[in-house]
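Shown next, in structure tokens, is the structure this report addresses.
The values are calculated or read from the model by the stated rules, or taken from the named source; none is laboratory data. If you're wondering where the values come from, they're calculated on a predicted model, not measured in any experiment. Cβ atoms come from the backbone with ideal geometry, glycine included; neighbour counts cover every protein chain shown. These accessible areas exclude ligands, DNA and RNA; they are computed on the full protein's heavy atoms, side chains included. Shrake-Rupley method; radii C 1.70, N 1.55, O 1.52, S 1.80 Å.
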Amino acid sequence: MLQVQFIRENKQTVLDGLAKRNFANAEEILDQVLNADETRRATQVSLDETLAESNKLSKEIGGFFKSGEVQKANLLKEKTGQLKEKSKALTEELHTVTDKLQELLYQIPNVPHVSVPAGVNEEDNEEVFREGTIPDLGDKALPHWELVKKYDIIDFDLGAKITGAGFPVYKGKGARLQRALINYFLDKNTAAGYKEVQVPHLVNESSGFGTGQLPDKEGQMYHVTGDDLYLIPTAEVPVTNLFRGDLLKADELPVALTGYTPCFRREAGSYGAHVRGLNRLHQFDKVEIVRIEHPENSYNALNGMVEHIKEILRELKLPYRILRLCGGDTGFTSALTFDFELYSTAQERWLEISSASNFETFQANRLKLRFKNSEGKNQLVHTLNGSSLALPRVLAGIIENYQTEEGIKIPEVLVPYCGFDIIN
């Protein structure tokens, strides 16, 4: 979430940024935040003064009792009783206004980076890079949902039988190709300096709030009500929360982690070709990269993440493009996001396969994740994350773009991981 001090000192900058997001009633809610903070600070001052006066009188009472001036001591005891009641009321008032301030701050999205274009939706995103050759597959090209059935490598009906729509079963060479991609992505990430971690697939409410999935995306997450836990929508949540509440040393930065997890999202469920097959699932596999950076280096780090994902797609020889998301399409917590999309030749459309984002201090403020800077002061870090990569649509792109009359060829870089070079 945004820091109140930042809002107070940069109100117009915040308003301009929220305008890029088409955020309604921005000025009204910012004024409510500032007013609530003024009340909170005034209440805190009154409480501190009341407690200080009460402590002072308590010392005086002790002195009067020692000197035998019992009457004076009793008079002051009566006054300290009144001060205790006042401090109790002020404490309750402080908790109320602090909770109100927190609720208001939770409603405000991150301020977009200056480079983020204004816009309403995905139609207004800005293409910044494109690479790779779109193969000419001819008129007989099949979409992946037909190919996986033809070669019996992914079964959507079996998944629906045991769970429901959006939970596919990978079979034979399909399962091995899925596993090969996971291992390849992890190897690429660790070779680039990311430390591999294995994390829980369920998180508590505090973790969801820490990275911004709660309360913004509550309806998209599976909630295990009996234990009040949430199935993770992305490894970003548990991996980033490894450092919730920590105070890092400057020389511990940057932190670079990677992890593979299944991901669970309730958002799937609409109809049409754009959600068929692997295009949108309730459960899918993803390899994530997370960085915790010094604020001065976070945008260099974001550029490095983008280049890293580029290298993976080059090795897979998949045609792709990069979009800078406009304000209206940028995620709630992000300051700047680059989306990677690969071209599905059989579907004749672009499929999102990765996002690389810089959250600046937005998540760190929720996480209370800081470092001690060169001046010895505690300062919020910047957090970043990216997919490298989300598997379903990468798998769909490989299956469709590598199809031949003989079968589905395996990208050369994956053959050592698969142990075979064609699915037929």
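Among Gly193, Gly208, which is the only one that is outside any helix (DSSP H, G or I), out of contact with any Cys (no Cβ under 9 Å at 6 or more places or on another chain) and at pLDDT 95 or above?
After ruling out the rest, the residue left standing is Gly193.
Restricting attention to the stretch 40-84, which residues are closer than 30 Å to Thr96 by Cβ and of a type in the set (D, E, K, R)?
Arg40, Arg41, Asp48, Glu49, Glu53, Lys56, Lys77, Glu78, Lys79, Lys84
If I filter the stretch 266-279 down to residues being within 19 Å of the chain's Cα centre (by Cα) and open to solvent by 20 Å² or more (accessible area, probe 1.4 Å), which single residue comes out as modelled with the highest pLDDT?
Arg266
Are there any pairs, at least 6 apart or on different chains, whose C-beta atoms fall under 6 Å, with the first in the stretch 157-178 and closer than 19 Å to Ala390 by Cβ and touching a residue at least 12 places away in the same chain (Cβ under 8 Å) and the second of a type in the set (A, V, I, L, M) and in a helix (DSSP H, G or I), and if so, which?
Val169/Leu158
All but one of (1) open to solvent by 20 Å² or more (accessible area, probe 1.4 Å); (2) out of contact with any Lys or Arg (no Cβ under 9 Å at 6 or more places or on another chain); (3) charged (D, E, K, R) hold for Glu293; which doesn't?
(1)
What is the residue count in the stretch 369-424 for residues that are under 28 Å from Glu236 (Cβ atoms), part of a loop (DSSP other than H, G, I, E, B) and of a type in the set (Gly, Ala, Ser)?
Count: 0.
Here are some residues: Lys79, Lys59. Which one is farther than 22 Å from Asn10 by Cα and touching a residue at least 12 places away in the same chain (Cβ under 8 Å)?
Only one candidate qualifies: Lys79.
Just one of (1) open to solvent by 10 Å² or more (accessible area, probe 1.4 Å); (2) of a type in the set (Phe, Trp, Tyr); (3) touching a residue at least 60 places away in the same chain (Cβ under 8 Å); (4) out of contact with any helix residue (DSSP H, G or I) (no Cβ under 7 Å at 6 or more places or on another chain) trips up Phe420, so point out which.
Tallying (1) open to solvent by 10 Å² or more (accessible area, probe 1.4 Å); (2) of a type in the set (Phe, Trp, Tyr); (3) touching a residue at least 60 places away in the same chain (Cβ under 8 Å); (4) out of contact with any helix residue (DSSP H, G or I) (no Cβ under 7 Å at 6 or more places or on another chain), Phe420 fails exactly one: (4).
Would you check if Ile162 is surrounded by fewer than 15 Cβ atoms within 10 Å (Cβ to Cβ) and within 24 Å of Gln347 (Cα to Cα)?
The answer is no for Ile162.
Please verify whether the stretch 290-305 includes one or more residues that are more than 25 Å from Asn110 (Cα to Cα) and not in a helix (DSSP H, G or I).
No, the stretch 290-305 contains no residue that is more than 25 Å from Asn110 (Cα to Cα) and not in a helix (DSSP H, G or I).
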